[in-house]
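So the structure is just underneath, and the comments pick up after that.
The values are calculated or read from the model by the stated rules, or taken from the named source; none is laboratory data. What you see is a predicted model, and the numbers here were worked out from it, not measured in a lab. Note: ideal-geometry Cβ built from the backbone for every residue, glycine included; neighbour counts use all protein chains shown. Side chains are part of the model used for accessible areas, which takes the heavy atoms of the whole protein and leaves out ligands, DNA and RNA. Shrake-Rupley method; radii C 1.70, N 1.55, O 1.52, S 1.80 Å.
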Amino acid sequence: MASKKRQCLLADLCSRDDHRKPEHSKMNTSIDPQVARIRASLLAWYDAHRRDLPWRAKSGVRADPYAVWLSEIMLQQTTVATVGPYFGNFKAQWPTVGAMAAGSLDEILVAWQGLGYYARARNLYKCAGVVVSEHGGVFPETEDELRKLPGIGSYTAAAIASIAFDQPCVPVDGNIERVTARLYDIDIPLPKGKKDIHAAAQSFISKDRPGDFAQAMMDLGSGVCAPRSPKCDICPLNADCQAYKTGNPARLPVKAPKKIRPERCCVVFWLENADGDVLMQKRPETGLLGGMTGFVSTSWREGAWPEPTEIETASPLSIEWAEIPGEAVHVFTHFRLTMRVLKGKAQKGANVDGFWVAPTVFAEHALPTVMKKVIKLVGENPS
DNA sequence: GAGCCGTGGAA
DNA sequence: TTTCCAAGGCT
């Protein structure tokens, strides 16, 4: 019966969907009163409680599309607190798309190090190039055009279009997904439930302050309609929230059970030359940590340590290696990696694959956090 | 469509 | 300690 209720709701939403009506239809004549109330309540709440964020324009001021784009890419699966300093650094180093396109991928990756999901950085640079070469250095303003750019998917296209250009669209991120699922009490487990939730979210489309509306939903989802302990008592939408009325908003949205995270193991080679420089390699351009810099290691075996023969084969030099006490552990999205480190000294003129880096200039290279943990472990065990 | 792709902070 | 998750995109 819950599903029947939902069917009625969605059919209802579609039939009264004002954004599907022809352009000449009068605005605000056939809008569902509940949707109108939600919009008004949310915008009023936003005007009083909006967050002041580095990439966000002041109230009533049009945002800088470059800043909106840059922040949206950085904010993909990443918290506001984490993004803050990175955004400031990028804006200072590359004030415009043109400046970024004129830079190099390596520079971008160095600045991005530690932020994770490095394909975002590669696509960021690629996108800057396309905006300059195909759009004269000016971001396109429509959702469809934005969607074609590297690194910009359906969410980000709608986010930029609405926030930077006030286009009437609704970017459905995790926040809006959660708020919408609760407003309409949609309990189909994700990702299957996305279809209904996104359809319901589209009923909010309006030509009146779409950018503010999108950001308001995000602020609400972040500070009020939070994943674990929603503050329903102070929520401006509680009068229209189906989940609040009928019971348990905190359980929504329902998510499919997670899969277990496999364990992987590897041995890392810390090779120093006579000057104390350390051997490093640039990783392949695609895949995990693509384009980043790292140390030589065995393959990352699942479930067991590499065999001695594999360690021997993977070592950059046939010399005497000394194992450093302890292990370094790093957790990726889909597996957990435990590393042991072997330390060795290269003879002068030894022929190795890679390049030598002095520890004093590690920071000049694009080192992912997992590699910094290796550095930390070695530093804790001076020879 | 399901798996791949990082990281750090909160509960 | 473990689990969850944060303004997702690509293949």
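For the reader, a short list of remarks on this structure follows.
- Candidates in the stretch A:139-159 are the residues that are under 18 Å from A:MET100 (Cβ atoms) and part of a loop (DSSP other than H, G, I, E, B); of these, the one that is nearest to DNA strand B (Cβ to nearest atom) is A:GLY151.
- Test: residue in the stretch A:35-56 that is over 30 Å from A:THR369 (Cα atoms), out of contact with any Asp or Glu (no Cβ under 6 Å at 6 or more places or on another chain) and modelled with pLDDT under 85: no
- Selection within the stretch A:316-350 - in contact with a Ser or Thr (Cβ under 8 Å, 6 or more places away or on another chain), part of a loop (DSSP other than H, G, I, E, B) and closer than 21 Å to A:GLN281 by Cβ: A:TRP321
- Single condition A:GLY276 does not satisfy, out of (1) more than 21 Å from the chain's Cα centre (by Cα); (2) within 14 Å of DNA strand B (Cβ to nearest atom); (3) assigned to a loop (DSSP other than H, G, I, E, B): (2)
- The stretch A:48-62, subset out of contact with any Gly (no Cβ under 7 Å at 6 or more places or on another chain) and in contact (Cβ under 8 Å) with a residue 24 or more places away in the chain, residue most open to solvent (accessible area, probe 1.4 Å): A:ARG62
- Cβ-Cβ under 7 Å pairs, at least 6 apart or on other chains, the stretch A:218-230 side of a type in the set (S, T, N, Q), far side near DNA strand C (Cβ under 7 Å from one of its atoms): A:SER222/A:ASN175
- Scope the stretch A:67-123; condition open to solvent by 50 Å² or more (accessible area, probe 1.4 Å) and either within 9 Å of DNA strand B (Cβ to nearest atom) or under 30 Å from A:ALA226 (Cβ atoms) (or both); matching residues: A:GLN77, A:THR79, A:VAL80, A:ALA81, A:THR82, A:PRO85, A:ASN89, A:LYS91, A:TYR117
- Cβ separations smaller than 7 Å between residues 6+ apart or across chains give the following pairs from the stretch A:163-178 residues that are within 15 Å of A:PRO249 (Cβ to Cβ) to residues that are within 8 Å of DNA strand C (Cβ to nearest atom) and open to solvent by 30 Å² or more (accessible area, probe 1.4 Å): A:ASN175/A:SER222; A:ARG178/A:PRO227.
- From A:GLU327, A:GLU285, A:GLU312, A:GLU320, residue being within 16 Å of DNA strand C (Cβ to nearest atom), open to solvent by 60 Å² or more (accessible area, probe 1.4 Å) and over 21 Å from A:GLY116 (Cα atoms): A:GLU327
- Single unsatisfied condition, A:LYS91 versus (1) more than 17 Å from the chain's Cα centre (by Cα); (2) within 11 Å of DNA strand C (Cβ to nearest atom); (3) over 24 Å from A:LYS207 (Cα atoms): (2)
- Residues that are charged (D, E, K, R) and away from DNA strand B (no atom under 16 Å from the Cβ) within the stretch A:346-372 comprise A:LYS348, A:ASP353, A:GLU364, listed in sequence order.
- So A:ILE234, is it β-branched (Val, Ile, Thr), within 12 Å of DNA strand C (Cβ to nearest atom) and out of contact with any Cys (no Cβ under 9 Å at 6 or more places or on another chain): no
- Pairs meeting the criteria (first residue in the stretch A:137-151 and of a type outside the set (Phe, Trp, Tyr), second residue within 16 Å of DNA strand B (Cβ to nearest atom) and open to solvent by 60 Å² or more (accessible area, probe 1.4 Å), beta carbons under 9 Å, at least 6 apart or on different chains) are A:GLU143/A:SER154; A:ARG147/A:SER154; A:LEU149/A:LYS126; A:PRO150/A:TYR125; A:PRO150/A:LYS126; A:GLY151/A:LYS126.
- Selection over the stretch A:333-362 of residues that are over 14 Å from A:TRP270 (Cα atoms), open to solvent by 50 Å² or more (accessible area, probe 1.4 Å) and either within 16 Å of DNA strand C (Cβ to nearest atom) or at pLDDT 95 or above (or both) gives a count of 4.
- Check on A:GLU143, open to solvent by 60 Å² or more (accessible area, probe 1.4 Å), at pLDDT 95 or above and touching a Cys at 6+ places or on another chain (Cβ under 8 Å): yes
- Contact map, the stretch A:255-268: first residue open to solvent by 20 Å² or more (accessible area, probe 1.4 Å), second residue part of a strand (DSSP E or B), Cβ cut-off under 6 Å, separation 6 or more or different chains; pairs are A:LYS255/A:LEU190; A:ARG261/A:ARG336; A:PRO262/A:GLU302; A:GLU263/A:ARG336; A:ARG264/A:GLU302; A:ARG264/A:LEU337.
- A single entry from A:SER162, A:SER222, A:SER206 fulfils the requirement of being assigned by TED's automatic domain parsing to the domain that holds A:ALA67, under 18 Å from A:ASP32 (Cα atoms) and of a type in the set (Ser, Thr, Tyr): A:SER206.
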